[in-house]
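Below you'll find the structure, written out as structure tokens, and then a few comments.
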Amino acid sequence: MIERTFVMIKPDGVKRGLIGEVIKRFEQAGLKIVGLKMYRMDKEEADEFYPADDEWFESVGNKTLSSYNELGIDAKKELGTDNPKEIGKMIKQWLLDYVSSGPVILMVLEGNHAIKKVRDMIGSTIPIKAQPGTIRGDFSVDSADWANIGKRAIMNIVHASDSQERAEYEIKFWFKENELYNYKRLEEYLL
Ligand code: IDP
Ligand code: MG
């Protein structure tokens, strides 16, 4: 079940000096780096990169609504709307500002069930809810309510593809065919 997945170290990860730490974790887990570069994207590119379908807006909006619910915060009062789609659209704008605010690391990882493995290794979107041992859980204490009060995206260090379909789109979006490399890790010779 060898898959390829896309990972981005977001501007906060780069600015906090966590590039090596993040890459190290993936390498140690046995994931093979088959593409890697630093890049500064603009807002338009970021907008094309992130999904724009209603399902995604609603899923992002609903995550915020449920964390507001838990905390007893009135979404309508705080954000001006309690419509999940509208909240999702608002968050996307914050997200575009965030990911275009500095250089990022773009990479493609290859390995057995790589898409799920990498999602498990990064942890929950909301760092305070991410388990210790995950990248977000170990290196951030940001939360949705804190981010939303500041009208900014949750800073959670990394992005990773969440499905086969998104992985294919995201890899193609950032990498040309000749920027991806086929090689064997040493342990593959020993199998
Ligand atoms: P993911 O990065 O775990 O896949 P998504 O729901 O796809 O999470 O959201 C994309 C990004 O949007 C998150 O990583 C985070 O930076 C930001 N984000 C998501 N929900 C919120 C929110 O409620 N407030 C602020 N930013 C958010
Ligand atoms: Mg996502």
Hand me the list of helices (runs of 4 or more DSSP H) wholly inside region 32-84 holding 2 or more residues that are surrounded by fewer than 17 Cβ atoms within 10 Å (Cβ to Cβ) and within 11 Å of ligand 1 (Cβ to nearest atom).
54-71
Top-ranked residue of region 115-125 - restricted to ones that are more than 12 Å from ligand 2 (Cβ to nearest atom) and either modelled with pLDDT under 95 or open to solvent by 60 Å² or more (accessible area, probe 1.4 Å) (or both), ranked as nearest to K10 (Cα to Cα)
D120
Candidates V60, V34, V14, V7, filtered to the one that is under 19 Å from W174 (Cα atoms) and touching a Lys or Arg at 6+ places or on another chain (Cβ under 9 Å)
V34
Name, by its number, the condition in (1) more than 16 Å from the chain's Cα centre (by Cα); (2) within 16 Å of ligand 2 (Cβ to nearest atom) that does not hold for A52.
(1)
What single numbered condition from (1) within 16 Å of ligand 2 (Cβ to nearest atom); (2) more than 18 Å from R16 (Cα to Cα) fails to hold for T134?
(2)
Pairs under 6 Å by beta carbon, first residue among the aromatic types (F, W, Y) in region 89-118, partner open to solvent by 20 Å² or more (accessible area, probe 1.4 Å), six or more apart or different chains?
W94/R152
Residue match in region 1-11 (condition: within 22 Å of S100 (Cβ to Cβ) and in a helix (DSSP H, G or I))
yes
Qualifying residues in region 144-155 (those that are in a loop (DSSP other than H, G, I, E, B) and crowded, with 16+ Cβ neighbours inside 10 Å) - the one farthest from ligand 2 (Cβ to nearest atom):
R152
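Yes or no, residue by residue, for (1) within 16 Å of ligand 1 (Cβ to nearest atom); (2) closer than 15 Å to L31 by Cα; (3) loosely packed, with under 14 Cβ neighbours inside 10 Å:
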{"residue": "L109", "(1), (2), (3)": "yes, yes, no"}
{"residue": "A130", "(1), (2), (3)": "yes, no, no"}
{"residue": "D138", "(1), (2), (3)": "yes, no, no"}
{"residue": "I157", "(1), (2), (3)": "yes, no, no"}
{"residue": "S161", "(1), (2), (3)": "yes, yes, no"}
{"residue": "R166", "(1), (2), (3)": "yes, no, no"}
{"residue": "Y183", "(1), (2), (3)": "no, yes, yes"}
Subset of region 163-191, residues polar (S, T, N, Q), in a helix (DSSP H, G or I) and away from ligand 2 (no atom under 16 Å from the Cβ), comes to N178
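The values are calculated or read from the model by the stated rules, or taken from the named source; none is laboratory data. Because the structure is predicted, anything quoted here is derived from the model rather than measured. Neighbour counts are summed over all protein chains in view; Cβ atoms, including those assigned to glycine, are modelled from backbone coordinates with ideal geometry. For accessibility, only protein heavy atoms count, side chains too; no ligands or nucleic acids. Shrake-Rupley method; radii C 1.70, N 1.55, O 1.52, S 1.80 Å.
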